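Accompanying notes for the structure given below.
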Amino acid sequence: MRTLLIAGNWKMNGSLALVDAFARAFASVKLPARVEVALMVPFPYLGVAAETFQETPLTVGAQTLSDRSSGAFTGEVSGAMLVDVGARLVLVGHSERRSLFGEDDAAVLARVQAALEHGLRPVLCLGETLEEREAGRTESVVIGQLAAVCDALDPAERARLVLAYEPVWAIGTGRTASPEQAQAVHSAIRGRLAAYSPALAEGMQILYGGSMKAANAGELLAQPDIDGGLVGGAALQVDDFLAICQSAG
Ligand code: PEP
């Protein structure tokens, strides 16, 4: 039975006060069995979040990392630095990184490899644009993004990934994929993973992301191939995020 992961992505939002509010709210919370919770916070808050969340079930993650280990790369942050300040997970290939910062499949692969090298769990984001969906290309786009990374990894490395299916048209738009639409893509992803190995397909956590909120989380998370959520906007309000975590039981 796969564990569910609810991961909040603060993007370029949040504050020390919000870190503190999450720490206080989650210190006394009883999460449903099989539910893990992570918060992907901006770089400056990682260290303090890792420390403040110690008495809570919250794990800390970053939102991106450099594909280099160290050196003269002004402004970059390496995987080793993320681990040093307590991050355990890192988002890679989020659609905002792909579309706004020009990260193509090769750049995404390099960051996944850097994360693995430093002992971080990469949360690899996959998803089609509205134009691609309307052209009937959803599966080929998503499976193409998956294969661009997985084909280059060895079996042990593939097994350390978490996947997040995030239709680009649903991110930050208030428009959520229906449970049936999401399940169909998750099932196609799992089918492709089975070509690498049935055990990989069976064990892989595949999260859904795209305007997930308390009102729709329950029915999305009830789908057989949806193993959690990647939550943007609703992860900025403690109560909303807690309600999503509770609905994952
Ligand atoms: C995201 O940023 O990954 C995301 C899913 O955002 P939102 O929940 O706001 O759509």
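The values are calculated or read from the model by the stated rules, or taken from the named source; none is laboratory data. For clarity, every value in this text was computed on a predicted model and none was experimentally measured. A quick note on method: Cβ atoms are made from the backbone with ideal geometry, for glycine too, and the neighbour counts reach across all protein chains shown. All accessible areas refer to the heavy atoms of the entire protein, side chains included, with ligands and DNA or RNA removed. Shrake-Rupley method; radii C 1.70, N 1.55, O 1.52, S 1.80 Å.
Report the gain in length on full extension from ALA106 to SER69: 0.36 nm times residue separation, minus Cα-Cα distance, nm rounded to one decimal.
11.6 nm
Residues in the stretch 198-232, backbone N under 19 Å from the label point at MET1 (7 Å along the Cα-to-beta-carbon vector): list them, ranges by number please.
Answer for this model: 202-207, 218-229.
Give the accessible surface of the chain per residue, rounded to a whole number of Å², with probe radius 1.4 Å and ligands, DNA and RNA excluded.
Accessible area per residue, the chain: 43 Å².
With every atom except the alpha carbons ignored, what do you get for Rg and Dmax of the stretch 117-176, in angstroms?
13.3, 39
Check which residues have an amide H placed less than 5 Å from THR59's amide H, if you skip close sequence neighbours.
Hits under the 5 Å cutoff: VAL37, ALA38, LEU39.
For the stretch 14-130, what does the alpha-carbon gyration tensor say about shape, rounded, prolate or oblate, given a ≥ b ≥ c as the root eigenvalues, a/c under 1.5 as rounded, and a/b over b/c as prolate?
Prolate, because a/c is 1.5 or more and a/b exceeds b/c.
Enumerate the amide H contacts of VAL90 below 5 Å, restricted to partners 5 or more residues apart or on another chain; note that Pro and chain-start residues carry no placed amide H.
Excluding prolines and chain starts, which carry no amide H, the hits are ALA62, ARG121, VAL123.
Using the Karplus curve 6.51 cos²θ - 1.76 cosθ + 1.60 with θ = phi - 60°, what ³J(HN,Hα) values do you get for each residue of the stretch 43-57, in whole Hz, with x for Gly and Pro?
Each residue of the stretch 43-57 in turn: 3, x, 9, 4, x, 5, 5, 4, 6, 5, 8, 4, 8, 10, x Hz.
Looking at the square roots a ≥ b ≥ c of the eigenvalues of the Cα gyration tensor of the stretch 15-69, which shape do they give, rounded for a/c under 1.5, prolate if a/b is larger than b/c, or oblate?
Oblate is the answer for the stretch 15-69, as a/c is 1.5 or above yet b/c matches or exceeds a/b.
Would you grab the residues whose amide H sits under 5 Å from the one on ALA164? Only those 5+ places off in sequence or on another chain, please, with H modelled 1.01 Å from N.
Here the answer is LEU124, CYS125, LEU126, LEU207, since their amide H atoms fall under 5 Å of that of ALA164.
What order, most packed first, do the peptides 241-249, 28-36, 187-195, 162-170 have when packing is the mean number of other Cβ atoms within 10 Å of each residue?
Most protected by this proxy first, the peptides run 162-170, 241-249, 187-195, 28-36.
Leaving out ligands, DNA and RNA, and with a 1.4 Å probe, what % of the accessible surface on the stretch 4-247 is carbon or sulfur?
52 percent
Ratio of alpha-carbon Rg to the 2.2 N^0.38 Å globular estimate for the stretch 4-247, to two decimals, please.
That works out to 0.95 for the stretch 4-247.
If a/c stays under 1.5 just call it rounded; otherwise compare a/b with b/c (prolate if a/b is bigger, oblate if not). Do that for the stretch 179-249, with a ≥ b ≥ c from the square roots of the Cα gyration tensor eigenvalues.
prolate
What list of ³J(HN,Hα) values in whole Hz, one per residue of the stretch 202-217 in order, does the Karplus curve 6.51 cos²θ - 1.76 cosθ + 1.60 (θ = phi - 60°) give from phi, with Gly and Pro shown as x?
Working through the residues one at a time gives 5, x, 5, 7, 10, 8, 9, x, x, 6, 6, 9, 4, 6, 10, 4 Hz.
Can you tell me which of 69-80, 39-50 comes out highest on packing, and rank the rest after it, using the mean Cβ neighbours within 10 Å?
Taking the mean over residues of other Cβ atoms within 10 Å, the ranking is 39-50, 69-80.
Output ³J(HN,Hα) for the stretch 87-101: one whole-Hz value per residue in order, computed from phi by the Karplus curve 6.51 cos²θ - 1.76 cosθ + 1.60 with θ = phi - 60°, and x for Gly and Pro.
Values per residue, Gly and Pro as x: 6, 10, 10, 8, 6, 9, x, 4, 4, 5, 5, 5, 8, 8, 10 Hz.
I want to verify a result. In a Gaussian network model of the chain, Cα cutoff 10 Å, which of these has the top mean-square fluctuation: THR52, THR173, THR138?
THR173
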